[in-house]
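These notes are about the structure you will find just below.
The values are calculated or read from the model by the stated rules, or taken from the named source; none is laboratory data. Source: prediction; values computed, not measured. Glycine also receives a Cβ, built like all others from the backbone with ideal geometry; neighbour counts cover every protein chain displayed.
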Amino acid sequence: MDYEKKLAELKTKIKSFPDFPKPGILFWDIFSAISDGPTCKLLQSLLADTIKAKFPDVDAIVGLESRGFLFSFSLANELGIGCLPVRKKGKLPGEVVSYKYDLEYGSDILEVQKSAVRPGLKCLLIDDLIATGGSITAATRLLESCGANVIGCLVVIELTSLNGRQNIPDNVPVHSLLQYD
């Protein structure tokens with residue numbers, strides 16, 4: 001099956017839930033797709049093929065908390081490269097580097113283990129979804145503060161009506177498999 005047919009098949013497996021987690025929000029559910037074995041394998045194949053084609057020089061897959069973790073280890077394993085998590089404050093042991101960022105109503109802090117990142121490490125951020133782009137931008141700033149080079153971001157779903165791509169630094173190419181308004 002070619003790439004475009006795989007994308008079309010994946011799109012049929014993503015379910016939406018109106019008014020979740022609160023009224024007025026349409027929630028696109030990645031779990032509805034990956035709970036099915038063949039679809040899970042299809043998504044893994046799409047992500048790996050995209051990385052090989054668009055980010056062939058990547059050194060490490062960086063999974064963003066928390067659904068980015070679903071993909072990061074298996075993709076890193078398949079590609080024979082490193083895998084590291086970016087987590088919310090207080091979730092990682094050892095010495096960490098932190099980055100505080102603003103949200104619509106407040107702020108949050110992301111962290112990475114200092115020993116996991118070396119200067120010049122070519123990182124690819126991975127997550128299930130891009131909405132406003134806040135967590136991707138914060139993770140980029142965090143990794144760059146450690147001397148890493150964020151070569152791109154790969155997400156399964158992009159909510160285009162929220163214009164999150166515009167909030168991500170220009171030097172970070174963003175690739176989304178599926179787009180929804």
| query | So is Leu142 in contact with a Leu (Cβ under 7 Å, 6 or more places away or on another chain), at pLDDT 95 or above and crowded, with 21+ Cβ neighbours inside 10 Å or not? | reply | yes
| task | Please verify whether segment 153-164 includes one or more residues that are in contact (Cβ under 8 Å) with a residue 60 or more places away in the chain and either under 19 Å from Lys89 (Cβ atoms) or touching a helix residue (DSSP H, G or I) at 6+ places or on another chain (Cβ under 8 Å) (or both). | result | yes
| note | Pro119: passes all of (1) touching an Asp or Glu at 6+ places or on another chain (Cβ under 9 Å); (2) more than 30 Å from Leu10 (Cα to Cα); (3) part of a loop (DSSP other than H, G, I, E, B) but (1)
| request: Among residues belonging to segment 86-101 that are touching a residue at least 24 places away in the same chain (Cβ under 8 Å) and not charged (D, E, K, R), point out the one that is surrounded by the fewest Cβ atoms within 10 Å (Cβ to Cβ). | output: Ser98
| field | Residue list for segment 102-118, filter: surrounded by fewer than 17 Cβ atoms within 10 Å (Cβ to Cβ), more than 14 Å from Thr132 (Cα to Cα) and of a type in the set (A, V, I, L, M) | value | Ile109
| task | Find all pairs meeting these conditions: Cβ atoms under 6 angstrom apart; at least six residues apart or on different chains; first residue within segment 129-142 and without any contact (Cβ under 8 Å) to a residue 60 or more places away in the chain; second residue of a type in the set (Asp, Glu) and not in a helix (DSSP H, G or I). | result | Ile130/Glu158
| request: Would you mind stating whether Leu121 is touching a helix residue (DSSP H, G or I) at 6+ places or on another chain (Cβ under 6 Å), surrounded by 19 or more Cβ atoms within 10 Å (Cβ to Cβ) and of a type outside the set (Val, Ile, Thr)? | output: no
| field | Test: Phe71 is farther than 30 Å from Asn149 by Cα and under 18 Å from the mean Cα position of the chain (by Cα) | value | no
| So, of the residues in segment 33-85 that are among the acidic types (Asp, Glu) and in contact with a strand residue (DSSP E or B) (Cβ under 6 Å, 6 or more places away or on another chain), which turns out to be surrounded by the fewest Cβ atoms within 10 Å (Cβ to Cβ)? | Asp57
